[in-house]
Amino acid sequence: MSKGTLFDKVWDLHTVGTLPSGQTQLFIGLHLIHEVTSPQAFAMLRDRNLKVMFPDRTVATVDHIVPTDSQARPFIDSLAEEMMQELERNCKDNNIRFYNIGSGSQGIVHVIAPEQGLTQPGMTIACGDSHTSTHGAFGAIAFGIGTSQVRDVLASQTLALAKLKVRKVEVNGTLKPGVYAKDVILHIIRKLGVKGGVGYAYEYAGTTFEHMSMEERMTVCNMAIEGGARCGYVNPDAVTFEYLKGRDFAPTGADWGKAVEWWTSLRSDADAEYDDVVVFDAADIEPTVTWGITPGQGIGVSEAVPTADSWAEEDRVLAQEAYSYMDLAPGAPIKGTKIDVCFIGSCTNGRISDLREAAKVAKGRHVADGIKAFVVPGSERVKQQAESEGLDKIFEAAGFEWRNAGCSMCLAMNPDKLVGQQISASSSNRNFKGRQGSSSGRTLLMSPAMVAAAAIKGQVTDVRELL
Ligand code: SF4
């Protein structure tokens with residue numbers, strides 16, 4: 001069993017008790033809610049005549065269904081408008097802080113909480129969205145939960161959970177130019193598998209993560225869930241504290257020093273015991289692209305789509321399914337694969353540093369003929385910051401559309417959807433069948449800079465050639 005890890009300490013500090021099922025009743029410090037997974041949970045509360053137990057530990061925003069072009073109300077999509085109104089009503093009735101469109105702070109739930117300093121080391125965080133693992137970048141233990149668990153947290157501020165094992169995922173060394181945090185996590189998932197992390201929390205350690213910015217760490221932790229881990233985290237350090245200092249909800253004055261001392265004490269001990277340790281070398285990672293229908297089906301941009309005989313017995317069925325759905329020839333180089341749509345955004349890669357890296361590639365160039373390319377900032381604050389730096393103008397001059405904040409084509413619950421068998425280069429986190437709004441649409445995951453390169457060339461391109 002893990003011992004002396006940050007996970008262990010935070011878990012113990014938040015344990016309310018042991019339930020008859022053997023699960024832990026875990027106190028949740030911060031509950032983030034949005035329009036998709038909360039309406040039913042509030043309805044269940046109303047049915048039982050229950051109130052939200054800690055409205056001041058609950059924060060709402062709207063992200064999945066918002067249109068990213070015209071945001072005039074009522075929305076054209078009546079279902080989206082209904083969900084929006086429901087969230088507005090539930091927040092008002094329960095005194096919950098709500099970052100609505102136009103507030104200046106609306107955006108994807110996993111972008112807005114860190115940027116406001118709501119996400120802090122040592123916290124337990126829950127949200128009705130799989131990619132809540134993002135918040136682990138701060139040394140928080142953060143879980144994506146289902147609707148009935150959203151109800152539980154609203155009503156009791158606790159969750160019933162089985163304790164996880166801890167795997168230390170160590171990456172050491174300096175990333176080569178053109179290799180980003182997204183490539184690191186796609187490489188890890190490729191090597192450990194999409195189910196490799198089942199039953200585990202992943203602790204990302206080693207010099208590569210130590211040298212990453214908070215936004216890069218968020219990209220990595222965001223996709224912990226895609227590798228099967230229930231959560232992922234990085235131990236808090238000077239980079240974390242520097243990022244948090246001065247943000248809206250960060251401690252101030254004398255409280256700041258106390259907080260830093262406390263947060264530091266939560267780091268995994270030098271002699272912590274892990275249930276498993278894996279080690280990777282940053283030098284082995286190149287810009288990575290998925291060719292299949294899971295985030296684990298990724299390859300370096302210089303590699304070819306794996307051939308049928310390269311698979312272990314247990315992976316063959318999924319590989320065949322991927323060949324037939326993606327319509328990409330086994331053995332063909334991934335580089336040069338023609339693209340129809342390029343999407344830069346999402347809670348994985350819709351932050352300001354992502355847009356800066358993509359803009360470097362787009363600057364002074366133009367999107368290839370016939371390509372639809374668009375950039376969706378992760379939040380209104382990211383949008384505002386990008387515009388103050390002139391990134392919007394760089395993208396527009398290059399032929400990209402510049403949109404408002406939201407999840408957009410990561411999940412396509414808004415009007416941004418692939419059509420037919422279109423193939424997209426996407427900075428999002430899931431390439432599942434039909435994920436981007438068309439039941440036959442195809443998604444290639446990659447870093448935002450790689451998406452920008454694909455947009456310029458109209459095909460999968462090694463971004464290093466354009467840097
Ligand atoms: S950007 Fe995508 S993965 Fe992230 S919260 Fe929105 S839909 Fe979920």
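Worth a mention:
- Sulfur and carbon atoms: percent of accessible area, the chain [1.4 Å]: 51
- Pairwise FRET efficiency - Gln71 versus Lys51, Cβ, R0 = 41 Å, nearest 0.05: 0.85
- Rg(Cα) / (2.2 N^0.38 Å) computed for the range 369-411, rounded to two decimals: 1.15
- Sorted into 10 angstrom bins from 0, the C-alpha pair distances of the range 106-250 split as 12, 43, 34, 10, 1 percent.
- Additional length obtainable on full extension of the chain from Gln85 to His211, 0.36 nm per residue less Cα span: 41.1 nm
- Computed magnitude of the charge dipole of the chain (debye, nearest 20; Cβ of K, R +1, Cβ of D, E -1): 440
- The simple Förster model, with R0 at 22 Å and r as the Cβ-Cβ distance, assigns Phe432 and Val198 a FRET efficiency of 0.80.
- Treating each Cα of the range 1-104 as one equal point scatterer and applying the Debye formula with no solvent, the log10 of I(q)/I(0) at q = 0.19 Å⁻¹ comes out as -0.98.
- Cα shape, the range 172-241, gyration tensor, a/c 1.5 rule: oblate
- With 18 Å as the limit on Cα-Cα distance, the pairs of Lys3/Lys258; Lys360/Lys393; Lys338/Lys363; Lys9/Lys182; Lys3/Lys168 that go past it are Lys3/Lys258; Lys338/Lys363; Lys9/Lys182.
- Taking θ as phi - 60° and the Karplus parameters 6.51, -1.76 and 1.60, the scalar couplings of the range 94-106 work out to 10, 6, 9, 4, 10, 8, 7, 4, x, 6, x, 10, 6 Hz in sequence order, x denoting glycine and proline.
- Residues Ser78 and Lys258, FRET efficiency given R0 of 56 Å [Cβ-Cβ distance, rounded to 0.05]: 0.65
- Sites listed here are GluC sites (Glu not before Pro) in the range 344-440 whose DSSP assignment is loop and whose Cβ has at most 15 other Cβ atoms within 10 Å: Glu389.
- Computed over the range 328-426, the Cα gyration tensor eigenvalues convert (square root of 5λ each) into semi-axes of 24, 16, 12 Å, ordered from largest to smallest.
- Accessible surface, the chain, averaged per residue in Å² (probe 1.4 Å): 38
- Judged by the ratio a/c of the largest to the smallest principal axis of the C-alpha gyration tensor, the range 61-186 counts as oblate, that ratio being 1.5 or greater while a/b is no larger than b/c.
- Projection of the Cα convex hull of the chain, averaged over all directions and equal to a quarter of that hull's surface, yields 21.7 nm².
- Shape class of the range 394-462 from the alpha-carbon gyration tensor: oblate, with a/c at 1.5 or above and b/c at least as large as a/b.
- For Cys91, solvent-accessible area (1.4 Å; no DNA, RNA or ligand), Å²: 10
- Calculated [θ] (222 nm, deg cm²/dmol) that DSSP helices of n ≥ 4 give over the chain, each run adding -39,500 (n - 2.57): -9000 deg cm²/dmol
- Residues in the range 386-393 carry Karplus couplings, in order, of 4, 5, 5, 9, x, 5, 4, 5 Hz; the curve used is 6.51 cos²θ - 1.76 cosθ + 1.60 with θ = phi - 60°, and Gly or Pro positions show x.
- Spacing of the two label points (7 Å from each Cα toward its C-beta) at Asn95 and Ser130, in nm: 3.7
- Karplus 3J(HN,Hα) series, Hz, for the range 48-64 with 6.51 cos²θ - 1.76 cosθ + 1.60 (x for Gly, Pro): 9, 6, 9, 10, 5, 5, 10, x, 6, 9, 10, 9, 10, 8, 10, 9, 5
The values are calculated or read from the model by the stated rules, or taken from the named source; none is laboratory data. Given the structure is predicted, the values throughout are model-derived calculations rather than measurements. Note that each Cβ is placed from the backbone with ideal geometry, even for glycine, and that neighbours are counted across all protein chains shown. Ligands, DNA and RNA are stripped out before the accessible areas are found, and what is left, the full protein with its side chains, is counted by its heavy atoms. Shrake-Rupley method; radii C 1.70, N 1.55, O 1.52, S 1.80 Å.
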